[in-house]
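These notes concern the structure reproduced below.
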Amino acid sequence: AAGAWADEVARLAGAAPAGLVPRRRTAAVAELPPGLDASGWPMVCDVADTFYARPESGGLLLSPVDAAPAPPGDVRPDDLDVAVAVHRFEAVADLRVRRVRHAWAGLRTSPADDVPVIGPDPGAPGFHWLAGLGGYGIQTAPAAGALLAALAVGDGPPPALAPLVPDLTPRP
C-alpha cells in the first residue's frame, strides 16, 4: 500500500514489480464572482473525459484530467495543465474564471490493464499487494482493505468480493 512507490517497495522486498505507472493529476480551485454560490452545483464532466468541475471550498475545482507519467515523489501542478483545465471549462460554460486561488497535483497509480493489484504475490512469500487503485483509493479503501486482510490471513475473499479478486498469475 505504497501508492506511487509500490513497485520500488516491492523490489526492496524481493518481489517483482507489478508494472505500475504513476501519473500526475492536476486540480485547481477557481474563485467565483462575488455573490455566486456553487455549493449546490453538481460535478460536471464531458463525455470524452477531458475535464471535470465541482464545487470546492467556496469556489470551483477544475481538473484537465491529465495523466502524464511521473516518477514517484512530490509533484507540482504544471501551469499549462491549470490553464488547460480553465480553458476546457470555459469552452462549455457561461462562466469565466477570473482567478485561480490554488492549484496542486497528485499521483494516481495504475497498472497497464487498470486492474488494481490486491493480494499475495505468488513469487514472494509473505509479500502482499494493495496498489494500482488509479485514483479511486478513497472510494474503494474499505472493500480493498477487507479483501487484502482476508487474503493475507488465508481466509479467501469475503463472499461479496470474490468476483472482484484479480488474477495474480505472474506476468511475463
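For the structure I just gave you, tell me whether ARG108 is out of contact with any helix residue (DSSP H, G or I) (no Cβ under 8 Å at 6 or more places or on another chain) and under 30 Å from THR50 (Cα atoms).
yes
Under the condition of being out of contact with any helix residue (DSSP H, G or I) (no Cβ under 8 Å at 6 or more places or on another chain) and aromatic (Phe, Trp, Tyr), which residue from segment 1-58 is farthest from ALA93 (Cα to Cα)?
TRP5
Before we move on, is GLY106 open to solvent by less than 50 Å² (accessible area, probe 1.4 Å), at positive phi and either at pLDDT below 95 or not aliphatic (A, V, I, L, M) (or both)?
no
Please find, within segment 145-172, the residue that is surrounded by the most Cβ atoms within 10 Å (Cβ to Cβ) out of those that are in contact with a strand residue (DSSP E or B) (Cβ under 6 Å, 6 or more places away or on another chain) and either assigned to a helix (DSSP H, G or I) or modelled with pLDDT of 75 or more (or both).
LEU147
Which ones in segment 64-91 are surrounded by 13 or more Cβ atoms within 10 Å (Cβ to Cβ) and assigned to a loop (DSSP other than H, G, I, E, B)? First the steps, then the outcome.
Taking segment 64-91 as the starting set, the residues that turn out to be surrounded by 13 or more Cβ atoms within 10 Å (Cβ to Cβ) are 64-68, 70, 72, 75, 77-78, 81-90.
Hits for segment 64-91 are PRO64, VAL65, ASP66, ALA67, ALA70, PRO72, VAL75, PRO77, ASP78.
Would you pick out the residues in segment 3-39 that are under 18 Å from TYR136 (Cβ atoms) and open to solvent by less than 30 Å² (accessible area, probe 1.4 Å)?
Passing the criteria: ALA4, ALA6, ALA18, LEU20, PRO22, THR26, ALA27.
Yes or no, residue by residue, for (1) in contact (Cβ under 8 Å) with a residue 12 or more places away in the chain; (2) touching a Leu at 6+ places or on another chain (Cβ under 6 Å); (3) more than 20 Å from PRO158 (Cα to Cα):
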| site | (1), (2), (3) |
| --- | --- |
| ARG76 | yes, no, yes |
| ALA83 | no, no, yes |
| HIS87 | no, no, yes |
| GLU90 | no, no, yes |
| ASP94 | no, no, yes |
| PRO111 | yes, yes, yes |
| LEU130 | yes, yes, no |
| LEU133 | yes, no, no |
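Please indicate, with yes or no, whether at least one residue in segment 13-26 is of a type in the set (Val, Ile, Thr) and outside any strand (DSSP E or B).
No; the residues of segment 13-26 include none that is of a type in the set (Val, Ile, Thr) and outside any strand (DSSP E or B).
Looking at segment 40-63, is at least one residue in a strand (DSSP E or B), open to solvent by 10 Å² or more (accessible area, probe 1.4 Å) and under 30 Å from GLY126 (Cα atoms)?
There is no residue in segment 40-63 that is in a strand (DSSP E or B), open to solvent by 10 Å² or more (accessible area, probe 1.4 Å) and under 30 Å from GLY126 (Cα atoms).
Kindly indicate whether any position in segment 123-134 is open to solvent by less than 50 Å² (accessible area, probe 1.4 Å), over 14 Å from ALA6 (Cβ atoms) and in contact with a strand residue (DSSP E or B) (Cβ under 7 Å, 6 or more places away or on another chain).
No, segment 123-134 contains no residue that is open to solvent by less than 50 Å² (accessible area, probe 1.4 Å), over 14 Å from ALA6 (Cβ atoms) and in contact with a strand residue (DSSP E or B) (Cβ under 7 Å, 6 or more places away or on another chain).
The values are calculated or read from the model by the stated rules, or taken from the named source; none is laboratory data. Everything numeric in this text was worked out from a predicted model, so none of it was measured. Here Cβ is always computed from backbone atoms with ideal geometry, including for glycine, and neighbour counts include all displayed protein chains. Please note that ligands, DNA and RNA were not included when accessible areas were found on the heavy atoms of the full protein model with its side chains. Shrake-Rupley method; radii C 1.70, N 1.55, O 1.52, S 1.80 Å.
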